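A short worksheet on the structure shown next.
The values are calculated or read from the model by the stated rules, or taken from the named source; none is laboratory data. Predicted model only: the values in this text are computed from it and were never measured. Counting neighbours? That spans all protein chains shown, and the Cβs are built from the backbone with ideal geometry, glycine included. Just the protein is used for accessible areas: all its heavy atoms, side chains included, with ligands, DNA and RNA removed. Shrake-Rupley method; radii C 1.70, N 1.55, O 1.52, S 1.80 Å.
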Amino acid sequence: MFAAGLKCPGCGSSNIVDDDLYCQAQLVCVDCGSVVSEGTLADDPVGGTDVSYSRTTAVTKKPCLNLIKGLERVKEMCRILRLNSEIEDLALTYFRQAYQQESFINVTLQKKEVLAGCCVYVSCRQRDWPITLGTISSLLDADPTLVGGVYQEMIKILNIQAPFVSIADVIEAHVQEYKISAQHVAKELAEDSKVLTKRAVALVELAGDSWIVTGRRPLPIMMAATYLAWQSLNPNKHRLKLSLDKFCHLAKVQKRKPAVMRITELKEVLCKLGRELPWVRETVTQDYVVRLVGDILEHRHTLLTRALRTHETAMQADCPQASALNSPTEEVAPSQCSESRDQTADASSALQLCPTDRTENQEEEDSHQTEDPEPNWGKRVLFAPPCVVHAKRRRAEPPPVQNVTGDEEISDSEIDSYIRTPQEARAFALMQKAVSSSGSGNS
């Protein structure tokens, strides 16, 4: 069978036939015997045949090694936290989606590991599983600031909405971390987790009513509430003498440094409310108030109302003149009223006769107001947010820079500062003479 359209590369003859003698067909030149082509591929079209990708010898694309390690890390954290399969699958899906983003590809391995923890955290929040970002930070042994930054970046890129979680919902899981049951510690130090959780939740609610929770991290507040709840449930000498460091070492948990300040703030609030208890005759101090925590929490709302009323009464007693001006009473004598009217009349006439003095007085008052700013209002109220009680001082804005053109008038005092005094003139003459003499000596 002749093959049309082909020529022998050796002799140029077009007398080429198919040689089917062998198992593989060949195109052979009849004139010179050269093999023009061999194999069945010679009969295929120029573009080749369509072969499916699964039948080729190409290597199947495998996921990145860091992606595989990240998915395994997500599974490990889900098993450590004992999460259900739904939360685990959701966390794995979020990690795959986030890993494909440019912001999380060319980053360090630590940031990729933190990303895995953030995926677990947001999955727990969407499925109402109580957990905090501090728990994820402790589990990863990472900086909470880094974990928070990665979390904010992840929810922004993936457009995820995570619901807010109340501290009261999380504290039950937090208390479970403390190993203070009868199986772990002595009898006088042991406490039931359910009873401890109930008392700690009540203390956290009190902290919320007194603005202590506002703008604060949840873990130190929960640790402070758990510590005070543990002491107040059985305030014996063994518990009262244990500090927060020893308590954390006993419960086998990591201490949070801000928890010491939260304990002090909670004790201050408890002291303010404990002083309103009518059956308490002793002086309520921070060491003694632990014994009164149960009574304070039981009558919390009533004590808050009485404490606010007592504080308002004390403020009015400290400022009797201001209260009298704002709300005049019947106790003011008529002679005092007439004297005050005469004084105001004299003052008004004096102001009308001397307008220049009035402007000067206003300027002085304005200068005093700028020099002595009004004290922080958070110091005057009984309970206030921390950002108000400990307000940061604002930096004074620098005066605006005026454009200097060179045409400004120069005062006489400034001109006098440029003129040399007789002493400066003599010193300058001596210096010039010394310089000239030294120059002539060197030459």
Along its three principal axes, how long is the stretch 152-199 when you only count alpha carbons? Whole Å, largest extent first please. 51, 18, 10
With the Cα gyration tensor of the stretch 65-158 in hand, give its eigenvalues times 5 under a square root as the equivalent ellipsoid semi-axes, listed largest first in whole angstrom. 18, 15, 13
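Given a 1.4 Å probe and every protein chain left where it sits, what share in percent of the accessible area of the stretch 133-201 is carbon and sulfur? Please list the in-between numbers first.
Details: 1980 of 3950 Å².
Here it works out to 50 percent.
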Anisotropy class of the stretch 154-253 from Cα gyration tensor, a/c 1.5 cut: prolate
Relative to the present Cα-Cα distance, how much length would full extension add between Met261 and Lys69 at 0.36 nm per residue of separation? 65.1 nm
Extension reserve of the Glu408-Ala396 stretch, reckoned as 0.36 nm per residue once the Cα distance is removed: 1.6 nm
Starting from the Cα of Ser103, step 7 Å along the direction of its Cβ; do the same at Arg420; then give the gap between the two resulting points in nm. 6.8 nm
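Quick one: Cα convex hull volume of the stretch 189-328, Å³ per residue? Don't skip to the end; give the middle numbers.
Values: hull volume 18.3 nm³, N = 140.
In the stretch 189-328, the Cα hull volume divided by residue count equals 131 Å³.
Excluding ligands, DNA and RNA, what is the solvent-accessible area per residue of the stretch 65-158 at a probe of 1.4 Å, expressed in Å²?
Numbers: 4730 Å² over 94 residues.
Dividing the accessible area of the stretch 65-158 by its residue count gives 50 Å².
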Describe numerically, in nm with one decimal, the distance between label points set 7 Å from Cα along Cα→Cβ at Thr93 and at Leu430. 9.2 nm
